[in-house]
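Colleague: One structure follows; several queries about it will come next.
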Amino acid sequence: MSAFSPAGLLALSGGLLAIGLFGILTRRNFILLLISVEIAINAAVLNFVYFAAFSGSASALSGQAIAVVLIGLAATEVAVGLAIVLALNRLRGSINVAEANALKS
Amino acid sequence: MTGLSFALDYAWLVPLSTLVAFVIVGLAGNRLKRLEWGGWVAVAGAFVAMVVGLLVAAAEMMGPGTYTDQSFTWLSVPGSPGTFPNGVNLVMGVLVDPLSALMLIVVTVVGFLVMLYSIGYMHHDRGLPRYYAELSLFLTAMNGLVLSDNLLEFFLFWELVGVCSYFLIGFYYEKPSAASAAKEAFLVTRVGDVLFLLGIFLYFATFATSGPGAGWAASGFKFANGTQPFLAGISGGNSTTLTIAGLLMLAGAAGKSAQFPLHVWLPDAMEGPTTVSALIHAATMVAAGVYLLAVTSIFLGFTATDQLAIVAIGGFTCFFAATMAVVNTDIKRVIAYSTISQLGYMVLAVGAGVTMVGMYHLFTHAFFKALLFLAAGSVIHAVGTQDLRKMGGLWKKLPITGLAFLFGALSLSGFPFTSGFLSKDDILGSVLAATSAHPLYWPFFLLALLTVFLTAYYIFRAFFLAFGGPAPRDPALPEAHEGPWVMRLPLIVLSALALGAGWLAFYPPFASLLAGGGVPPSFSATDLALSAVSFGLVLGGIGLAYALFGNGRMVEVPAGSAADRVRSVLLNRYYFKAGYDWIGLRAVYGFSRAADFVERYVIDGTIRGIERAFARGSDQLRKVQTGIVSDYAAYVIGGLVGFLLLLLVVAPWIVAHLGGS
């Protein structure tokens, strides 16, 4: 574990979050959007894992547990998201989120 | 007390019978063609009212000074300690006392006779169901007013007679002058009515709160049964508030009784049918103002300042109105001005403290004035015009009408031994007697005395112009003939009453009515010298009228002469109407325009501006909602970043620089 310093690890997860947010803001393709969300969630999961490892043994397990829950959450979110992608594709023939603006008014 | 006293308990039948007639004629008049479109129903209602009214009055005469009050509580406000110790009750009721019995005779008798006369006079008019319904409603309201037992109920009926007057002046509503006269009458009397209502409020507010008056408030502000005016018992009758309240009562009376300066509406009210002029605008409704003053004076009392104001208004009005009657050429308007003038006499008497003398004149005046109007109506019915310049020579064609008019004119001018002579000289004598204690009454007494001359002159001028001479001055007038019996009978009955009603004062039971409230008429006050002077003035007036118009010719006044200018001022009613029109058209209308501008542009402008700002702002705000998920995500992220900045940067900065205290 010593090969990674806390600062480097935090920079890694911060970078992942930035990449994810950038993707969320710029992608118009629904699938790429979902991938960007996954990247951002993984940044959070990484954080839980680091801090569980660095902290005392008492709270270590809870951090790991939350990480596992988050992975499960991300998986379900992708499942729902991909279902929406399929439905949207059937409805509109396109998965461009900029065109799915029926809720505008 | 005699067997008649039961009638006192049935006084409510008087207004009720005409109310029933009103409902029947109002709802079904159109189907009653065979009953003169409901006219006979109205006559029947008025007849029942007259019979009951006379029985009630007779019962009141038999038991002098009885005070019969039947009432129910209409609205009750519980008392609270401090402000309204006994609470306030508003009651509705029927009160028979000498004063109302006297008025009841006038209203029901004249009401019935006029209703009967209408059958003949109005026969050729359209809209008769409306006419008879409104006249019945008027009689209901007028009798209700007479029988009211408290000021608020009085005011309700007061407004009701006012609105009936409005309807009936505007009976010929297709005629623009009639419609505008109706509006004028309504608006001008409304000025008085509002002040009257304020006066009632002032009495209520003064008495309801504390002091001995609180008991009065709790009993429903009834006209109390007492031997002296209410105010005399509780305050010495001389506080500023009570003076103001008394002046407001005077203002109300001036509006209804067409006293200066609210006199302008009555001559224009002659646009209504002549029967309406006789009943409403001569005998009854316009006398309600005097009745109000009498009731106030007897039950509440006036302060010395109020009395002087009332004397001044009455004395001035009786002279002022008489001058305008001198040159008028419309037979009805001449009589209308004389009504204002005679009402001035009554107001003068009430102001001088001899209330019942004023009521005595009201009583005699109602008959001879109704007679004059009905006789004038008979003339108008016969020749189809109201213009004295076109008439003439009617004495032979209309003997009954001519005699009736002559009797009315004699009584009006106060020719000795007519009713008018008795009551008018009684007023003059009483006011003269009052001048010894109140020197300020002198000028108004002199004006009233001078008016005797003018009265005799103008009414005989009208008489000679209409009846004198060989033939009508306008040959185009139709051949005159007397009306049917329904028109002749009221003329004959009223002729008898015009000459003789005043003599009732020497019949002890009737005199007890006059003695029953306040100061009774006393003929000792009329000294012989004063009667001689006034008789001289009457003869002078009649003589002048005969000299000028006895041959049945109009007197030609050269245009541009001083006399012509005076005539022009008088015909234009001293420019009062023009002045009020100016107030209405320029001052009030100008103010309304300004208010309209403020309303339209300042207030509405502000509100519309706010509305427009919101509308535009929300148009801008709508653009934020694009429906694109990425945009919403951007807002979420932006919001999160902003919140973090606030928490981590701005808040510590504030705490570091400003906090710590």
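Colleague: Just how far, in whole angstrom, is the range B:272-286 from the range B:338-398 if you go by their alpha carbon centroids?
Modeller: A separation of 10 Å, based on Cα centres.
Colleague: What ³J(HN,Hα) values, in whole Hz, does the Karplus curve 6.51 cos²θ - 1.76 cosθ + 1.60 give for the range B:570-581 when θ = phi - 60°, with x put for Gly and Pro?
Modeller: Each residue's phi maps through the Karplus curve to give 5, 5, 8, 6, 6, 6, 5, 5, 4, x, 5, 4 Hz.
Colleague: In whole angstrom, note down how far apart the Cα centers of the range B:453-493 and the range B:525-575 are.
Modeller: 19 Å
Colleague: What percentage of all Cα-Cα pairs in chain A are separated by more than 17 Å?
Modeller: 62 percent
Colleague: Then there's this: To make sure I understand the rule: partners must be lysines, Cα under 20 Å from the Cα of residue B:623, and not fewer than 8 residues away in the same chain. Which ones qualify?
Modeller: Filter leaves A:104.
Colleague: Just to confirm the number: angle between the C-alpha axis of helix B:331-351 and the first principal axis of chain B, 0 to 90 degrees, nearest 10?
Modeller: Roughly 80 degrees between the two axes.
Colleague: Using the per-residue mean of other Cβ atoms lying within 10 Å as a proxy for protection, in what order, highest first, do the peptides B:457-467, A:91-101 fall?
Modeller: Packing order, densest peptide first, comes out as B:457-467, A:91-101.
Colleague: While we're here: I need to check one value: relative contact order of chain B, counting alpha carbon pairs closer than 8 Å and at least 6 residues apart, in percent.
Modeller: Values: 1150 pairs, mean separation 83.8, N = 661.
Averaging sequence separation for qualifying contacts and normalising by length gives 13 percent for chain B.
Colleague: Additional query: Under 12 Å Cα-Cα from residue B:390, which aspartates and glutamates qualify once same-chain neighbours fewer than 8 residues away are excluded?
Modeller: Leaving aside aspartates and glutamates fewer than 8 places away in the same chain, those within reach of residue B:390 are B:330, B:474.
Colleague: Additional query: Under 5 Å between amide H atoms, partner at least 5 residues away or on a different chain: which partners does residue B:239 have, H built in plane at 1.01 Å?
Modeller: none
Colleague: FRET efficiency for residue A:76 and residue B:612, Cβ-Cβ distance as r, R0 = 60 Å, nearest 0.05?
Modeller: Here the calculated transfer efficiency is 0.75.
Colleague: Once amide H atoms are placed 1.01 Å from N in the peptide plane, what residues at a sequence separation of 5 or more from residue B:74, or on another chain, have their amide H within under 5 Å of its amide H?
Modeller: Hits under the 5 Å cutoff: B:90, B:91, B:92.
Colleague: Same structure again: So for each of B:146-156, A:17-27, B:185-195, A:61-71 I average, over its residues, the number of other beta carbons within 10 Å; can you give me the resulting order with the highest mean first?
Modeller: Most protected by this proxy first, the peptides run B:146-156, B:185-195, A:17-27, A:61-71.
Colleague: Would you calculate the separation in nanometres between label points at residue B:556 and residue B:651, each defined as 7 Å from the Cα along the Cα-to-beta-carbon direction?
Modeller: Roughly 10.9 nm, to one decimal.
Colleague: A follow-up question, please. Computed on protein heavy atoms with a 1.4 Å probe, what is the summed buried accessible area for the chain pair A and B, in Å² to the nearest 100? Display every interim value, and only then the final one.
Modeller: Working: alone 7040 and 27250 Å², together 33450 Å².
Chains A and B together bury approximately 800 Å².
Colleague: Let's see if you can work this out: charge +1 on each Lys and Arg Cβ, -1 on each Asp and Glu Cβ, no other charges. What is the dipole magnitude of the protein assembly as shown about its Cα centre, in debye to the nearest 20?
Modeller: My answer is approximately 1760 debye.
Colleague: Tell me the per residue accessible area of the protein assembly as shown using a 1.4 Å probe; a whole number in Å² is fine.
Modeller: Value for the protein assembly as shown: 44 Å² per residue.
Colleague: Over 26 Å between C-alpha atoms is what I'm after, so list which of B:183/B:222; B:175/B:424; B:332/B:424; B:369/B:397; B:222/B:256 land there.
Modeller: Details: B:183/B:222 33 Å; B:175/B:424 38 Å; B:332/B:424 22 Å; B:369/B:397 22 Å; B:222/B:256 22 Å.
From the list (B:183/B:222; B:175/B:424; B:332/B:424; B:369/B:397; B:222/B:256), the Cα-Cα distance tops 26 Å for B:183/B:222; B:175/B:424.
Colleague: Something else about it: Given the peptides B:529-542, B:41-54, arrange them by the average over their residues of other C-beta atoms within 10 Å, most packed first.
Modeller: Ranked from most to least packed, the peptides come out as B:41-54, B:529-542.
Colleague: Determine the residues within the range A:14-59 where the difference in accessible area between the chain on its own and the full set of protein chains amounts to at least 40 Å²; count protein heavy atoms only and use a 1.4 Å probe.
Modeller: Relative to the lone chain, where solvent access is computed with a 1.4 Å probe, the range A:14-59 loses at least 40 Å² at A:25.
Colleague: Tell me which of B:379, B:284, B:493 sits at the most positive position along the dipole axis of chain B, charges placed on C-beta atoms (Lys, Arg +1; Asp, Glu -1).
Modeller: After comparing all options, I get B:379.
Colleague: For chain B, with all protein chains present and a 1.4 Å probe, just round the carbon and sulfur fraction of the accessible area to a whole percent.
Modeller: 70 percent
Colleague: Taking each residue in B:623-633, count the Cβ atoms of any other chain within 10 Å of its Cβ, then average. What number comes out?
Modeller: Shielding by partners across B:623-633 averages 5.
Colleague: Another question about this same structure. Treating cross-link reach as a plain straight distance, find the aspartates and glutamates whose alpha-carbon is under 16 Å from the alpha-carbon of residue B:396, omitting any fewer than eight places away in the same chain.
Modeller: Hits, sequence-local ones excluded: B:479, B:482.
Colleague: Quote the FRET efficiency, to the nearest 0.05, computed for residue B:476 versus residue B:588 with a Förster distance R0 of 56 Å and r equal to the Cβ-Cβ distance.
Modeller: Approximately 0.85, to the nearest 0.05.
The values are calculated or read from the model by the stated rules, or taken from the named source; none is laboratory data. Predicted, not measured: the structure shown is a model, and the values here were computed from it. Glycine also receives a Cβ, built like all others from the backbone with ideal geometry; neighbour counts cover every protein chain displayed. Areas reflect the complete protein model, heavy atoms only, side chains present, ligands, DNA and RNA absent. Shrake-Rupley method; radii C 1.70, N 1.55, O 1.52, S 1.80 Å.
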